[in-house]
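Each remark here refers to the structure printed beneath this line.
The values are calculated or read from the model by the stated rules, or taken from the named source; none is laboratory data. Predicted model only: the values in this text are computed from it and were never measured. Glycine gets a Cβ as well: all are built from the backbone with ideal geometry, and neighbour counts include every protein chain shown. Protein only, heavy atoms only, side chains kept; ligands, DNA and RNA dropped before computing areas. Shrake-Rupley method; radii C 1.70, N 1.55, O 1.52, S 1.80 Å.
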Amino acid sequence: MRNLVLLPGFMLNEHLWDDMRDDLATLGALTFGDLGQDIGIQAMADAVLRQAPERFVLLGFSMGGFVAQAIALKAPERVLGLGLLNTSSRPQTERESQGTLAQLDMAQRTPFKGLTSRALASSLHPARSTDRTLLDRLQAMALANGKEVFLRQLQTLRDSNAEELQQLQCPVLIVSSDEDKLRSVEESEEMARRIPQSRLEIIGDSGHMTPMEKPQELFAILSDWITRSGL
């Protein structure tokens, strides 16, 4: 039985994959990683490894993609294949760090009411930025995670694995979206140049939330990659 481990992004959870869950289950047994209980990419990676099957195909979305890179570098003998979805290997910029610190300061002093409307809308394709169903689903995940997870994840500053990615020996799929305002196609292209045995796919007409915006297209890419890679 093939095992798939799926990691969500910032303030998301396993419901990120709801529109793909049944299809993904045809590829193997699903394990949904929890990135809400630890502070730091390395600590999150260790926590996922403790709960993961012995060997698995690993799919990491956005922040989960940074954790997935750390896992594949920590335990290459356990990761059969690596899918990096709408993510990057770039470290956090000074501007991003300052913004995060300001968010953290405010979050510690005020009740948690979920993510802002602006933050939610910016994660979607412009044509879907007012889609109430999608926005409500994203907010529901944020609220389910709650304030403590929000604080822990805000404190998780991103380091760069870029120079180490060339060490990866397993098949690697990199997926980007043409209208992603949070993680650019250029960032995906950078990873593809660094990683041996990598395959880059760009999904059209989608913002950052490809598992929710383009679930069928993303599943088709994942399924084809797994089959062609012999995973």
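Here are some notes:
- Any pair with Cβ under 6 angstrom, 6 or more apart, that starts in region 78-98 at a residue that is without any contact (Cβ under 8 Å) to a residue 60 or more places away in the chain and outside any strand (DSSP E or B) and ends at one that is open to solvent by 10 Å² or more (accessible area, probe 1.4 Å) and among the charged types (D, E, K, R): 78/55
- Given (1) in contact (Cβ under 8 Å) with a residue 40 or more places away in the chain; (2) among the hydrophobic types (A, V, I, L, M, F, W, C); (3) within 25 Å of residue 217 (Cβ to Cβ), index of the condition residue 195 fails: (1)
- Helices (runs of 4 or more DSSP H) fully within region 158-231 that include at least 3 residues being within 23 Å of residue 139 (Cα to Cα), of a type outside the set (Ser, Thr, Tyr) and open to solvent by less than 70 Å² (accessible area, probe 1.4 Å): 210-213.
- Restricting 93, 87 to those that are of a type in the set (S, T, N, Q) and loosely packed, with under 13 Cβ neighbours inside 10 Å reduces the list to 93.
- Residue that is nearest to residue 204 (Cα to Cα), among those in region 106-132 that are open to solvent by less than 60 Å² (accessible area, probe 1.4 Å) and part of a helix (DSSP H, G or I): 128
- Residues in region 99-145 that are more than 23 Å from the chain's Cα centre (by Cα) and of a type in the set (Ser, Thr, Tyr): 110 only.
- Residues that are out of contact with any Pro (no Cβ under 9 Å at 6 or more places or on another chain), assigned to a helix (DSSP H, G or I) and surrounded by 14 or more Cβ atoms within 10 Å (Cβ to Cβ) within region 144-157 comprise 144, 145, 149, 150, 151, 152, 153, 154, listed in sequence order.
- Scanning region 198-231 for residues that are touching a residue at least 40 places away in the same chain (Cβ under 8 Å), more than 22 Å from residue 63 (Cβ to Cβ) and of a type in the set (Ser, Thr, Tyr) turns up 223, 229.
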